[in-house]
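Report on the structure given below.
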Amino acid sequence: MPNSFLENTIYNFQKAARALQLDKETYEILKIPRLTAEAAIHIKTKNGKIKTFLGYRVQHNDSRGPFKGGIRFSEQASMDEVKALASLMTWKCAVAGVPFGGAKGGIKVNPEKLTQDELEQLSRDYVRTFFKILGPATDIPAPDMNTDSKIMAWMMDEYSHLAHKNTPASFTGKPMEIGGSQGREEATGQGGVYILKELAKAYNLRPEKVTIAIQGFGNVGYHFAELAYKEGFKIIAASDSKGAIVNKDGFAPEKVIEHKEKTGSVLKFPGAKNITNEKMLTEKVDILVPAAIENVITKENADKIKAKAILELANGPTTPDADKILDKKKITVIPDILANAGGVTVSYFEWVQNLQNYYWDKNIVNKKLEEIIQRSFAEVLQTAKVKKVNLRTAAFILAINKVAKAIHLRNHH
Ligand code: GLU
């Protein structure tokens, strides 16, 4: 069985390609990214010293539209990780039917160790370094792990400066004041909640009867928790990198984030019990939501998972080994390329608004997002039924099919 995140991603692609009887030519085109770029990113510290970091941008495929995908700042970032994430973006955009290809970027850095000024320099130098391969009709980055709207503002500004024109459509996930979209900040979580509502319907459960555990309380995990809570779902466990909390009676996510902002962690939240992150994954809940990093549901813990369904808001949280175990246990896994597509979908809306210079109300954004998520979910369910495969393979089959058609129609080589 595959071992690393990149191998896992290729394995999932291969499995679906086989089920689809994808021709060898197209298979080869899609197996290897179109472009991988690695470069030194420089900043100058307060005392005048130059510090060097590794930066990456991988462009996987652009047959359906310009490359699209976030940039993460993380000590774990590597070329292999970014390659895997770039391919997931290709499939994600295809599943959601948004006209983009897949890309991803990263800098190997612990942003907590940087000052604000250093963070800004790092963000701007990333854009200077990769300027030639970016652009609103070429490759449009967005936030990802440890990057946010403030960083997108710096990056868009740097891009505009280098291009000698105001170019808001060069980055998505910007602050609203400078071309960001209503609803983008919480879009990934919101997309997850639209799927959650469909799941509750499928299980014939009222929201207040559905218990949820969320791994990761960053932008995605927190907004999902808050929006699910507002819909009446019961959030009973949450975690961050320091540990997890559980309270069977449920808690208000807003109070937890306030506590985290004050103390630096969700731990010791009043009324809740501290447990380990590992223990939280195997708590008795209806829906388990990994919303942090890759490779967290593995053959080591999959057997102990008690949830009815896993909603993958993180990219690549479940390994193929774990998928096999979960299939046997009849635990439904809503795969990342469907479950977390809300983020890139509202990025698409942002890009469209930037290009038209015409901005939409939040209810329009959310209505359009809900339609796309519901339709994509229905298509994945239908494919799973027809092809007799799990939802991950079904989502990959759908995606590969769309990308393969685009490749053949363009007939570029
Ligand atoms: N980083 C997000 C993802 O993994 C969003 C990408 C985007 O909006 O381009 O889907």
Inset, instruction - Determine the pairs where a residue that is at negative phi, located within the stretch 154-168, has a partner that is of a type in the set (Lys, Arg) and crowded, with 18+ Cβ neighbours inside 10 Å with Cβ atoms under 7 Å apart, the partner being 6 or more residues away or on another chain. - result: Trp154/Arg124; Met156/Lys174; Glu158/Arg124; Pro168/Lys174
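Give me a count of the residues in the stretch 291-320 that are in a helix (DSSP H, G or I) and buried (at least 17 other Cβ atoms within 10 Å of the Cβ).
Narrowing the stretch 291-320 to residues in a helix (DSSP H, G or I): 302-304, 320.
After this cut, where a residue has to be buried (at least 17 other Cβ atoms within 10 Å of the Cβ) as well, the list is 302, 320.
Of the residues in that region, 2 qualify.
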Legend entry - From Phe269, Phe251, residue being open to solvent by less than 40 Å² (accessible area, probe 1.4 Å), free of Cβ contacts under 8 Å to residues at least 24 places away in the same chain, of a type in the set (A, V, I, L, M, F, W, C) and farther than 20 Å from Arg392 by Cβ: Phe251
Legend entry - Test set (1) assigned to a loop (DSSP other than H, G, I, E, B); (2) touching a residue at least 40 places away in the same chain (Cβ under 8 Å); (3) acidic (Asp, Glu) - Glu185 fails condition number: (2)
Legend entry - the stretch 154-177 - residue that is in a loop (DSSP other than H, G, I, E, B) and open to solvent by 50 Å² or more (accessible area, probe 1.4 Å) and, of those, nearest to Gly316 (Cα to Cα): Asn166
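Would you say Glu370 is modelled with pLDDT of 95 or more, open to solvent by less than 30 Å² (accessible area, probe 1.4 Å) and either within 14 Å of the ligand (Cβ to nearest atom) or closer than 25 Å to Ala200 by Cβ (or both)?
Numbers: modelled with pLDDT of 95 or more: yes; open to solvent by less than 30 Å² (accessible area, probe 1.4 Å): no; either within 14 Å of the ligand (Cβ to nearest atom) or closer than 25 Å to Ala200 by Cβ (or both): yes.
Here the answer is no, as Glu370 does not meet what is asked.
May I ask you to list the residues in the stretch 368-409 that are more than 21 Å from Gln14 (Cα to Cα) and basic (Lys, Arg)?
Those that are more than 21 Å from Gln14 (Cα to Cα) and basic (Lys, Arg): Lys368, Arg375.
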Inset, instruction - Inspect the stretch 100-108 for any residue being touching a helix residue (DSSP H, G or I) at 6+ places or on another chain (Cβ under 8 Å), within 10 Å of the ligand (Cβ to nearest atom), in a loop (DSSP other than H, G, I, E, B) and closer than 20 Å to Gly173 by Cβ and give the result as yes or no. - result: yes
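Quick check on the stretch 338-347. Is at least one of its residues within 16 Å of the ligand (Cβ to nearest atom), surrounded by fewer than 23 Cβ atoms within 10 Å (Cβ to Cβ) and either closer than 24 Å to Ala200 by Cα or not hydrophobic (A, V, I, L, M, F, W, C) (or both)?
Let us first name the residues in the stretch 338-347 that are within 16 Å of the ligand (Cβ to nearest atom), namely 338-347.
From what is left, the residues that are surrounded by fewer than 23 Cβ atoms within 10 Å (Cβ to Cβ) are none.
No, because not a single residue in the stretch 338-347 is within 16 Å of the ligand (Cβ to nearest atom), surrounded by fewer than 23 Cβ atoms within 10 Å (Cβ to Cβ) and either closer than 24 Å to Ala200 by Cα or not hydrophobic (A, V, I, L, M, F, W, C) (or both).
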Inset, instruction - Determine whether Glu350 is under 19 Å from the mean Cα position of the chain (by Cα), more than 15 Å from the ligand (Cβ to nearest atom) and under 20 Å from Phe100 (Cα atoms). - result: no
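Here is a list: Ala77, Ala94. Which entry is touching a residue at least 40 places away in the same chain (Cβ under 8 Å) and not basic (Lys, Arg)? Show your work before the answer.
Details: Ala77 fails: touching a residue at least 40 places away in the same chain (Cβ under 8 Å).
Checking each option against the conditions leaves just Ala94.
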Inset, instruction - Take the stretch 124-180 and flag every residue that is touching a Leu at 6+ places or on another chain (Cβ under 8 Å) and among the aliphatic types (A, V, I, L, M). - result: Val127, Ile133, Ile140, Ile151, Ala169
Inset, instruction - For the stretch 60-82, name all the residues that are within 14 Å of the ligand (Cβ to nearest atom), over 16 Å from Val109 (Cα atoms) and either among the small types (Gly, Ala, Ser) or not in a loop (DSSP other than H, G, I, E, B) (or both). - result: His60, Gly65, Phe67, Lys68, Gly69
Inset, instruction - Mind listing just one residue for me: the one in the stretch 118-150 that is among the polar types (S, T, N, Q) and away from the ligand (no atom under 15 Å from the Cβ) and, of those, farthest from Phe67 (Cα to Cα)? - result: Gln121
Legend entry - Residue tally, condition part of a helix (DSSP H, G or I) and closer than 27 Å to Gly316 by Cα, over the stretch 120-153: 10
Legend entry - Unmet requirement for Ser87, which otherwise passes all of (1) of a type outside the set (D, E, K, R); (2) more than 29 Å from Val403 (Cα to Cα); (3) in contact with a Phe, Trp or Tyr (Cβ under 8 Å, 6 or more places away or on another chain); (4) within 14 Å of the ligand (Cβ to nearest atom): (2)
Inset, instruction - Confirm whether Ile257 is of a type in the set (Val, Ile, Thr), open to solvent by 10 Å² or more (accessible area, probe 1.4 Å), within 19 Å of Leu227 (Cβ to Cβ) and not in a loop (DSSP other than H, G, I, E, B). - result: yes
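The values are calculated or read from the model by the stated rules, or taken from the named source; none is laboratory data. In this text, all values refer to a predicted model and were calculated from it rather than measured experimentally. Virtual Cβ from ideal backbone geometry, glycine too; neighbours counted across all protein chains shown. For accessibility, only protein heavy atoms count, side chains too; no ligands or nucleic acids. Shrake-Rupley method; radii C 1.70, N 1.55, O 1.52, S 1.80 Å.
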